[in-house]
Amino acid sequence: SVTNIGNGAFFGCCGLTNAAIPNSVTHIGRNAFFGCGKLTSVIIPNSVTNIGNGAFGCSGLKSLTLGDSVINIGEEAFKDCSGLTRVTIPNSVSNIGAFAFSGCSGLTGVTIPASVTSIGDYAFDGCSGLTSVTIPNSVTSIGGDAFWDCSGLTSVTIPNSVTSIGGDAFWDCSGLTDINV
């Protein structure tokens, strides 16, 4: 019967290893599971539409499944989840917030769906393991420092739909050899 996991509900529960989120939940609040370093796997059910700011700052998170109804990935939602290697963002997402995946150094691949219109500031900064990213034709703006220090990124294609690229968007992408604008 739970529909909302409130702000800071399990903040700093450093011993938490498993969290089963029921299909009744529609909203995961700000910092809900922040600092749960032993949490290794999260399945966000199809009922969830909003993932709050800083919801899962969990350094031990290795597996993430995002449900098909998520519209908003909040700021710092998965910041410093260095154990994550792959993220599939569902077609329902329209906004990737600032710092959403910042510091996810283990992340090697990200597919951004055609529903996304903006990539927030610092959204993927410090994702040094990121080797490929697909930016769809729906994206109109790439935020400042969005891919800062993605040293593993070798190639990027920026589609015709993009009208704004923020300052330092690809700063220190030392492996970048091919840019198609």
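The values are calculated or read from the model by the stated rules, or taken from the named source; none is laboratory data. None of these values were measured; they are calculated from a predicted model. All Cβ positions, even for glycine, are placed from backbone atoms using ideal geometry, and neighbour counts span all protein chains on display. Keep in mind that these areas ignore ligands, DNA and RNA; they rest on the heavy atoms of the full protein, side chains included. Shrake-Rupley method; radii C 1.70, N 1.55, O 1.52, S 1.80 Å.
Within the range 43-57, if we keep just the residues that are open to solvent by less than 30 Å² (accessible area, probe 1.4 Å) and either modelled with pLDDT under 95 or in contact with a Gly (Cβ under 6 Å, 6 or more places away or on another chain) (or both), the residue that is nearest to F10 (Cα to Cα) turns out to be G57.
For the subset of the range 89-135 comprising residues that are open to solvent by 10 Å² or more (accessible area, probe 1.4 Å) and not in a loop (DSSP other than H, G, I, E, B), which member is nearest to K79 (Cα to Cα)? Within the range 89-135, the match that is nearest to K79 (Cα to Cα) is N95. For the structure I just gave you, tell me whether F78 is crowded, with 16+ Cβ neighbours inside 10 Å, modelled with pLDDT of 95 or more, closer than 18 Å to C104 by Cα and over 14 Å from the mean Cα position of the chain (by Cα). Taking the combined requirement at face value, the residue does not satisfy it.
Just so you know, in the range 6-42 the residues that are within 25 Å of T85 (Cβ to Cβ) and either among the aliphatic types (A, V, I, L, M) or in contact with a His (Cβ under 8 Å, 6 or more places away or on another chain) (or both) include one that is most open to solvent (accessible area, probe 1.4 Å), and it is A20.
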